[in-house]
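First the structure, in the form of structure tokens, and then the observations on it.
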Amino acid sequence: MKSEIAAQAATPPSSAPLLPPARIRLSSSHRGARLARLLCGQQLDEWGIPQTTGTASAVLAVVAELAANAVTHGRSPGRDFEVRLALTDVCVRVEVVDTRPDRVPQAPAPAPVGPVVDESTGGRGLLLVAGYADRWGWAVRDAYTKTVWAEVDR
């Protein structure tokens, strides 16, 4: 696993963005989650990070998972979620802001060793984020929103 499991809600210092960050506000629906991945892929292309690279693949996997989590676990009726993408000289930073600060992410359980008997299709999303991202965590900055972030080194 690439990164350590986030144990606290602290945001590590990251380099200043090289370009203005991208912000995308989307409806809290499965369509909005799908659009988040597509639009972030286009933004990476514009920044010169082709979607065929390992960095872009990891970023898009993280975006897909965090957007799906925002729609599934961070949804409030009638309120959108936001995806923010920033390019620094060190990494690509993804932030997904949802409207449920009362539902913070729990650190994922370690991946089982050996054959997996559990056939459920959910509950492994943050394990995927931890595997693709070099760092990740969350922060509640006000009474109305929560931000889950991840950084993928370039």
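All of the numbers you see were taken from the coordinates with simple rules; none came from a lab. Quantities reported herein were computed from a predicted structural model and do not represent experimental measurements. Positions of Cβ are backbone-derived with ideal geometry, glycine not excepted, and every protein chain shown enters the neighbour counts.
At full extension, residue 90 and residue 134 could sit 14.7 nm farther apart than now, given 0.36 nm per residue minus the alpha carbon distance.
To the nearest 0.05, what FRET efficiency results for residue 18 and residue 106 with a Förster distance of 35 Å applied to their C-beta separation? Show your work: numbers first, answer last.
Numbers: r = 33 Å, r/R0 = 0.95.
Approximately 0.60, to the nearest 0.05.
With label points built 7 Å along Cα→Cβ from the Cα atoms of residue 55 and residue 153, find their separation and express it in nm. Once both label points are built, they end up 1.3 nm from each other.
For the pair residue 72 and residue 31, label points projected 7 Å from Cα toward Cβ lie 2.1 nm apart. Only Lys, Arg, Asp and Glu carry charge here, each on its Cβ (+1 for the first two, -1 for the last two); on that basis segment 19-108 has a dipole of about 340 debye about its Cα centre. You can think of it this way: the chain between residue 124 and residue 143 has 4.1 nm of extra reach, that is 0.36 nm per residue less the Cα-Cα gap.
With the simple spin-label model, which puts each label point 7 Å out from Cα in the Cβ direction, the residue 42 to residue 79 separation comes to 2.7 nm.
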